[in-house]
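See structure below.
Any read-out appearing in this document is the output of simple, stated calculations on the displayed coordinates, not a laboratory observation. What you are looking at is a predicted structure, and each value in this text was computed from that prediction instead of being measured. Note that we place each Cβ from the backbone using ideal geometry, even for glycine, and neighbour counts take in every protein chain shown.
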Amino acid sequence: MILILVGDNVNTNDYIVQVQDVYYRYDKENVLENINLSIHRGSFLAIVGPNGSGKSTLLKLILGLIKPQTGTIRLFGQDINKFREQHKIGFVSQKANSFNTGFPATVFEVVASGLTKKLGLFHILKKTDHVKIKQAIESVGMGNFLDRNIGELSGGQQQRVFIARALVSEPELLILDEPTVGVDVQNVNSFYEMLETLNKKQGITLLMVTHDIGTISEKVTNVACLNKNMYFHGSADEFEQLQLNDVSEIYGHDVQVLTHDHHEGGHHHD
Amino acid sequence: MISGLMQYEFLQNAFLTGMIIGVIAPLLGVFIVVRRLSLIADALSHITLAGIALSLLLEKKFLVLSGLNPLYMGMVFSVGGSLFIEKLRTVYKHYQELAIPIILSGGVGLGVIFISLADGFNTDLFSYLFGSVSAVSRADLWTILIISIFVITIVSFLYKELFLLSFDEEYAKATGIAAKSLHFIFIVMVALVIAASMRIVGILLVSSLMTLPVAASIRFANGFKQTIFFSILFGEISVLGGLFLSYYLNLAPGGTIVMIAIFILVLVIWLKKRSAKRAILKR
């Protein structure tokens, strides 16, 4: 079991997500094997891996939408089965890009819907909620689009609105599933810059699944490489160093050799 | 007509019922249209027909249920049909729209069998098919009023949940909203409103009152609340205008209401196109 610790004196309570020895099977086939992952408060972790590597499955496990066959998941130090503070976790799905674009809803209305669960049944928006919604929209740089219909915006702008929807319930952890799919190339950079600001200025822990490994290593603090197994889990700097040789192999076929490398690589064992 | 309204109870019934339906049908219609369920209203109205035909058959042949408003049996069938649609949608996960033709043809089939068993009905059935100004009784009015209070209360209490479920079902589920029960409540409301509206508009045209005003307002409205507002406004104009015209020109109210709604729709599309052209010219 490999568990890489970031920093020296890490208090376990500072881990927002702890995944331990998790296996997930679907139709008799292992989708995820022996997964260990820990996300430290304040970090910006990117999970990378090829298509079908189990990235989205891992997100679903962390969100509690599916349960692992073996292993444990802890959120904010609490076992996931006992965890009841879902509002601490914001989620931006990949599907956000394929919603009904003709839907007649303003940016404000879409972001307000992020408060649905937190407010609870029968409660309507209060004045303070209106302020929060506007703040969330401004924090993703969409302040000038409050009353625009969501369908009139570009893919990148829409994705910002969906992030604002996740932010409005003031989460401590924001989970993003391939957020740049459907965002134009020239806007991807400013999109990552916005995520960086959320992470550094507002102290929101970010967990992002992506398959564009090129851009991420300079923006994120930690990287995890996944292809059924967890091949690498460490800081972005460490990731840069092994990138050329090993990462290409993760995407390739020679899996055995790589697992070997990993053990010899001298990462901290837990 | 004003004096007619003061004088005749049936006219009062028809107009009050029309005003209520002009609100609740487009209100639910907005949710139906944005969830791409427009045809569900049609399926449910046809299953309602089967219920009404059964009620009329039992009354004519067996003298049971005589005096019982056929509307009630229609509602029972409509709600039953809505639950069956939900069941079918989970059975055919990848072909969810299949539920609609199944229920629609089943409703017509049953209805036709009941009608033939009864050796045909009098004009009563005709008024259910195409709507009627004179057919609305005081009892109908009360039933429809109670349904509308129920529907408006539920929609205003569950507004943000219904909005989220319509906009992004996956996200709604991920945030822990009881999507299934919410959907169940919604479809039952739709079934009740369809049964309620059919007295005025008629079974064959009831779905139009849920979709046409929405189709018009969705062209230009900004946001969801505005869409609801304009849908209700257009619904009211269609119903009241249609009742007026049908009373004076002695037309079937259902047809007149629908044609006004279509006129509004075409007008909106035309105006929108013209303003878009002007915006381009200005640049």
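Output the residues belonging to the stretch B:33-54 that are in a helix (DSSP H, G or I) and surrounded by fewer than 24 Cβ atoms within 10 Å (Cβ to Cβ). Those that are in a helix (DSSP H, G or I) and surrounded by fewer than 24 Cβ atoms within 10 Å (Cβ to Cβ): B:Val34, B:Ser38, B:Leu39, B:Asp42, B:Leu54. Every listed requirement among (1) part of a loop (DSSP other than H, G, I, E, B); (2) farther than 30 Å from B:Arg219 by Cβ is met by A:Val131 save one, (1). Filtering the stretch B:128-178 to residues that are among the acidic types (Asp, Glu) and touching a Ser or Thr at 6+ places or on another chain (Cβ under 8 Å) leaves B:Asp140, B:Glu161, B:Asp168, B:Glu170. The helices (runs of 4 or more DSSP H) located wholly in the stretch B:119-183 that include 2 or more residues which are facing chain A (nearest Cβ under 10 Å) occupy B:138-157, B:159-167, B:169-174. The residue list A:Ile47, A:Ile39, A:Ile89 contains one member that is within 14 Å of another protein chain (Cβ to nearest Cβ), in contact with a strand residue (DSSP E or B) (Cβ under 6 Å, 6 or more places away or on another chain) and buried (at least 23 other Cβ atoms within 10 Å of the Cβ), which is A:Ile89. Those residues that are at the interface with another protein chain (Cβ under 7 Å from one of its Cβ atoms) and crowded, with 23+ Cβ neighbours inside 10 Å, I need them from the stretch A:92-108; list them, please. Result: A:Pro104, A:Ala105. Would you mind stating whether B:Ile218 is surrounded by fewer than 23 Cβ atoms within 10 Å (Cβ to Cβ), within 10 Å of another protein chain (Cβ to nearest Cβ), under 28 Å from A:Ser113 (Cβ atoms) and under 19 Å from the mean Cα position of the chain (by Cα)? Criteria met by B:Ile218.
Going through (1) more than 26 Å from A:Gly77 (Cα to Cα); (2) in contact with a helix residue (DSSP H, G or I) (Cβ under 8 Å, 6 or more places away or on another chain); (3) surrounded by fewer than 24 Cβ atoms within 10 Å (Cβ to Cβ); (4) within 13 Å of chain B (Cβ to nearest Cβ) one by one, A:Lys117 falls short only on (1). The condition of being under 30 Å from B:Asn13 (Cα atoms) and not aromatic (Phe, Trp, Tyr) does not hold for B:Ala172.
Restricting attention to the stretch A:50-71, report how many residues are free of Cβ contacts under 8 Å to residues at least 40 places away in the same chain and within 14 Å of chain B (Cβ to nearest Cβ). Number of matching residues: 3. Pairs are defined by a Cβ separation below 7 Å, a sequence spacing of at least 6 or placement on different chains, a first member in the stretch B:137-150 that is touching a residue at least 60 places away in the same chain (Cβ under 8 Å), and a second member that is among the acidic types (Asp, Glu); the pairs so defined are B:Arg138/B:Glu9.
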